[in-house]
């Protein structure tokens, strides 16, 4: 097999590192301040005006927005994940506790985003997309994407408890050879979370909605499924 060398400068690390540092420093100074020569290019006012006119004539360059990246989704995902981990940090929990904590966290973040947007669009600043303003609809859409990402965490957590080997989850096992009962349990848990999310969205539109019902919604759904609760005790007791 042919092994390709990494595409990096071929430095001799046994040579004088100070010399390499000075060379880099000199190049940086030239780039930043010019090389001090009298023949540096200087644009006249007429030339700059012509350049601006040409720039306006050309089609605008596409600018990447926060919606084109997953930066907002990742922001919500990491924040919610840390919140859930903190909630369950000092207790012995099973998948039902995890799912209740997840719904409670999602509801609080949803309501917090709505409250923030009462003052207008939310200002954000990210490494890839830079600065921009998110509408309420954009922000909530990214929160829902983060929620979907967390459903993968639920599935992974259950898989680890079922197999007692977390490494297998990331080895892309052959789903056809999986234990049918175990897979059905994971699929049921994910479907319950999706039902709870939809139910919460509906309840938030009601005039008598009160904050803090998220975990109760998923708890009621789980309690209504006897087979699921029996399987929970099997895997987590």
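The values are calculated or read from the model by the stated rules, or taken from the named source; none is laboratory data. Keep in mind that what you see is a predicted model, and the values were worked out from it rather than measured. Every residue, glycine as well, gets a Cβ built from its backbone with ideal geometry; the counts of neighbours run over all protein chains shown.
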Considering only residues of segment 44-90 that are outside any helix (DSSP H, G or I) and touching a helix residue (DSSP H, G or I) at 6+ places or on another chain (Cβ under 7 Å), which is modelled with the highest pLDDT? 88
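Restricting to segment 114-130, name every residue that is assigned to a helix (DSSP H, G or I) and touching a strand residue (DSSP E or B) at 6+ places or on another chain (Cβ under 8 Å).
Of all residues in segment 114-130, those assigned to a helix (DSSP H, G or I) come to 114-119.
Hit for segment 114-130 is 116, nothing else.
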